[in-house]
Structures are given as structure tokens and as C-alpha cells.
Amino acid sequence: MDQVSTSKHLTKQQAFALVDAVSEREDLAITASAYEKENNIWIFEATCEQKPDIEQFNQLVSEVLDGKVDFSIEPIDTDIDYVAKSLEGLKPVSAGGFYIYGSHNVDEIDDNLISIKIDAAQAFGTGHHETTTGCLEAIKIVLEQSIPQNILDVGTGTGVLAIALAKVTGNFVFASDIDPLAVKIAQENAKINKIEENIYCFEATGLDHYTINNDAPYDLIVANILAQPLIELAPQMSKIATPDAKIILSGILEEQAEEVIAVYFSAGFTLEERLIKNEWAILILSKQHQKV
């Protein structure tokens, strides 16, 4: 295996955009990550099982960043966890009253916030991406109106949002993911954060799953995935939501937001609030409240 990294310093937005682009491809890398070195200088890294195709990486850079980035290749020492190593430099994240930290930040815990320990893993959601911090802020907004009793987290990844919801509400959270590895990691993180009794993690593709349907309806549904799957899930989302449910949708590029809003309006939801985090839109919708 080889590790590909950028030799040119990137901004945070550029590094995460490159991670997103590589993650959408199954042929380029096993994992992709971004981390801060110093003074807001960010590095992109990818782990490749076969010899890296630098030309394809360069092509992706020209499409995503509209420019050129030089890459370096290093053989991987299999005794080192490069996924964890690449994220060791990530600072703790504060968003929506939550404090997301890793083992290397244990001495920096903020007692004024709800702390969640999430270490680097092969699943999405360390809390650093705008889609995740945006969801945490959206959760705070929703909880200022009412406390949900039956909660579903679709595409849970590391379980960070499910853990946040379980901790702040004290209620039970159903957490699903299409990836069995993510389910395992989310379960482990729930245990690390001593909230495993309030979270049930399970593998599910979309919303057509007996656990999801048997325990419906939900008064809060959070889905941090991608725009197209969210669009496809809209009719089922409406079926499993209570008449006054709130839903938080993320993983949506700003230019995709209007299409998602329109589809969910047809499914019986209206937009309550839209948060913008760089190029990402986080949507809070309701089945009851109309916004004129």
C-alpha cells in the first residue's frame, strides 16, 4: 500500500473538497483525510491499496480545485494506523453546545459544553466537516423549540450526531448506516461515551428496514448523507415522520439546496431554516409549520 499526500499547502475548504471528491470514487483510494499542520495550513492524504494513479488524482484536482497540486507518494508501514495518524493534528470542535475531541485532546475538554469523544476511524464524522458542525448547530436550534422523544439518525457514520442527540435529550436514538463498519464504529463510540443504552446502531439501506418502520413515527430525523439519496428518501421520510416532526438534512451543496427543498415540500415538509457552512447547506424542515 502507498500513501499519497499533497506537497502544496491547501486551505481547509480545498482539503475537504478533495477528500469529498476522492471519497465519491471507489477506484482511487481506500481512505482519504485532511488535517491541519499549522497556521491554517491543511494537508490532504489518501491511502491506496495499489500503486496510486497520480494522473487521476491530478485530473480530480483540476476539476475540484480548478488548479494544480503536486502529490508525493510514500510506501506505507503496515504497523502504523495512517487513518488515525493523519487526523492526530485535528483540533477539538465546538458547535451547537457540543465539544468534539479525540484522545490526543483529552486534557483540553471544555466542561461548559457537552463533550463527545470521537477518535479517527474508517467512517465519516469526526465532527470537523462543515456538514457535521452544521448538523450540531441545527440540533441546538431544533431543541430550543422542543425536545424530541423518538429520534432517527440516518447515515450515522461514527455516530457523532446520534451520541450528541442521546446526550442532550436523554432519549433513545436509532442510528442506521449502509456500511457495517460504520455501524460497528458507532456502537464502539456510543460505549466510549457511556451512552450505549440510549442508542441502537444497525445496518440499513435507506429507510426500508423493519427496525426503522416498526419504531416509527419519529419526531426528529437527522440525515447527513448526500443530496441525491436524500431526494430519493423524501416520500419514505414523510411516512415515518410524526405530523409535527422536524427533520435536519445535510450533505447538500448550496447549489443543490433548492431542489432538495422542492422535493421535500412535495412530500409535506416546509423549510424552517437554512444554515450555510462554506459551500454546504444544512436544512431544518417541519411537517407542521409554514414559513411565509
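Coordinate-derived values only; no laboratory data. Predicted, not measured: the structure shown is a model, and the values here were computed from it. Here the Cβ is made from the backbone with ideal geometry for all residues, glycine too, and neighbour counts use every protein chain on show.
A few points about this structure:
- Among 218-227, 53-62, the peptide with the highest mean count of other Cβ atoms within 10 Å heads the list, and the full ranking is 218-227, 53-62.
- Cβ-based net charge around GLU196, under 15 Å, with every Lys or Arg adding one and every Asp or Glu removing one: +2
- The simple spin-label model puts a point 7 Å past each Cα toward its Cβ; for ILE147 and LYS239 those points are separated by 3.2 nm.
- Two-site FRET efficiency, LYS140 against ASP208, from Cβ-Cβ distance with R₀ of 25 Å, rounded to 0.05: 0.25
- Taking a ≥ b ≥ c as the square roots of the eigenvalues of the alpha-carbon gyration tensor, segment 122-286 is classed rounded because a/c is under 1.5.
- Förster radius 22 Å - calculated FRET efficiency between ASP215 and GLU188 (Cβ-Cβ, nearest 0.05): 0.45
- Taking the fewest neighbouring Cβ atoms within 10 Å as the starting point, the ordered list for VAL142, VAL154 is VAL142, VAL154.
- Spacing of the two label points (7 Å from each Cα toward its C-beta) at GLU197 and GLU254, in nm: 4.5 nm
- Relative contact order, whole percent, for segment 122-286 stands at 23, derived from Cα pairs under 8 Å and 6 or more residues apart.
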